[in-house]
1. Name the most mobile residue of P16, P394, P101, meaning the one with the largest mean-square fluctuation, in a Gaussian network model of the chain with Cα contacts below 10 Å.
2. On a 0 to 90 degree scale, rounded to 10, what angle separates helix 163-176 from the longest Cα axis of the chain?
3. Could you work out how much longer the chain between V388 and T347 gets when fully extended? Use 0.36 nm per residue separation minus the Cα distance between them, nm to one decimal.
4. Going down the list K54/K344; K187/K239; K75/K203, which pairs span over 24 Å between their C-alpha atoms?
5. Of I63, Q34, I49, which is farthest on the positive side of the dipole of region 30-73, counting Cα position, with +1 on Lys and Arg Cβ, -1 on Asp and Glu Cβ, and the Cα centre as origin?
6. As a check on your grasp of the helix formula, calculate [θ] at 222 nm for the chain: sum -39500 (n - 2.57) over DSSP H runs of n ≥ 4, divide by the residue count, round to the nearest 500.
7. Among F20, F127, F406, which one shows the highest mean-square fluctuation when the chain is modelled as a Gaussian network with alpha-carbon springs under 10 Å?
8. Compute the helix-to-body angle for 78-87: its Cα long axis versus the longest principal axis of the chain, expressed 0 to 90° and rounded to tens.
Amino acid sequence: MSAEEFTLRGGVVINPAAGFAAQADVVVAQGVVQDIALPGKCDTAGEIIEVAGKLVAPGLVDIHVHLREPGQTHKETIATGTRAAVVGGFTSVCCMSNTTPPIDTPDRVRELVDRINHTAACKVYPFGAATKGHGQDELTDFTGMLEAGCVAITDDAFPLQSRQLKRQALLQAAEVGCVFIAHPEDKSISADGLINEGELSAKLGVPGMPRRATAEAVAEWVGLHDCGAYLHLAHIATKDEVELVTEALPTWTGRLSMETAPHYLSVTEDAILRFGADAKVNPPLRTVDDNTAMAAAVRNDIITIIATDHAPHALDEKALGLEEAPLGLVGLETSLAATATVLKPRTPADWLWLLDKFTAAPAQLLGLEAGRLVAGEPADIAIIDPQVQWTVRPERFESKGRATPFAGQTLRSQVWGTVVDGRFVFRAGELLV
């Protein structure tokens with residue numbers, strides 16, 4: 001479908017990449033932003049869309065999404081996952097490599113890119129697997145996969161265990177100039193842990209995952225600062241991990257970052273009592289103290305990126321019960337609202353700061369042409385109503401997954417519209433792709 005011509009009039013433009021937060025009109029035509037100007041100071045084009053009271057922001061960017069295709073399309077597909085993404089305001093997502101087969105060769109990258117080009121509702125950037133077959137023995141061809149279309153390399157879902165292999169991975173990432181995204185987990189400690197180790201796991205008689213399983217892995221990763229690579233740590237969830245990374249930041253001289261997910265800001269292990277397997281995730285939901293530490297780290301810009309770790313599973317898989325069901329939650333359709341509900345942005349300056357973690361920061365980390373709203377560049381836009389309140393109804397999700405600890409919760413702020421390459425793909429509650 002062709003791009004549209006329209007003018008977004010009366011909204012507050014929030015553009016973190018430029019530090020801009022003020023009322024302005026945005027003109028879109030031929031797939032690009034034609035002009036951003038003070039109200040009434042630009043030549044309008046096409047349909048005039050009144051967005052007074054709303055925020056006009058760059059399309060959101062999620063660097064941690066499991067689209068499950070190829071091989072696991074009963075859980076999610078590129079089409080369903082990206083439809084969920086645009087409902088949540090995301091115009092760019094990065095897909096993890098733990099598919100079947102894994103994305104571990106240049107040919108598989110090219111095959112995935114072809115699938116994306118044919119079915120995605122938004123922009124999708126693949127990650128390549130760090131090891132062949134997701135094993136613990138041999139690294140993949142980082143250069144070949146990057147040339148084929150990957151934007152980073154990761155061990156997510158299959159965390160590297162030996163210090164030697166971690167070092168080799170970082171050295172190779174440094175050599176080819178790519179970001180390495182690590183899933184910090186010591187499997188010899190986490191073992192068969194399913195939820196946070198503590199009083200609740202003991203009460204339920206369910207194997208618990210000790211906090212030190214992730215903390216010790218983080219400590220080992222951040223000790224490899226001499227490798228020269230850029231290291232990004234995924235789904236940080238505990239106070240211990242944040243403290244370890246904070247202490248290590250000076251030794252990495254700008255080459256170390258971390259993300260957390262919205263559920264680690266406000267949801268504790270007690271959600272297991274209400275939602276069962278629908279609150280089972282890796283790393284597990286932890287404690288109130290950890291929630292507090294995560295929110296503080298975000299507020300203090302120690303954690304610079306919010307990512308969903310959207311990990312859908314089929315309904316019958318999650319219905320197997322707490323011990324048998326797979327690990328993973330969905331998040332694309334609730335991410336921004338869940339975060340805003342916790343962090344409570346009120347002013348344009350507040351939103352400028354918060355949206356940076358959803359737009360400019362993740363895009364800049366990976367060098368993506370995304371996360372900014374600039375005249376002459378592709379019109380990827382999220383239009384957000386910051387005041388609306390809505391109740392999460394998983395049965396209405398576009399994703400095939402339904403597992404969320406936010407089910408039934410009233411959240412603040414909602415995406416009103418999403419524009420990809422100058423075309424509305426979601427508008428006023430209606431999906432248009």
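FYI, it's all coordinate maths here, none of it is from the lab. Computed from a predicted structure; not experimentally measured. No Cβ is skipped: glycine too gets one built from the backbone with ideal geometry, and neighbour counts run over all protein chains shown.
1. P101
2. Taking the Cα atoms of the chain, the angle to 163-176 is about 30 degrees.
3. Gain on extension, V388 to T347, equals 13.3 nm.
4. Over 24 Å apart, Cα to Cα: K75/K203.
5. Value computed over the given set: I63.
6. Mean residue ellipticity at 222 nm (helix-derived): -8500 deg cm²/dmol.
7. Per the Cα network of the chain with a 10 Å cutoff, F20 tops the list.
8. Rounded to the nearest ten degrees, it is 60.
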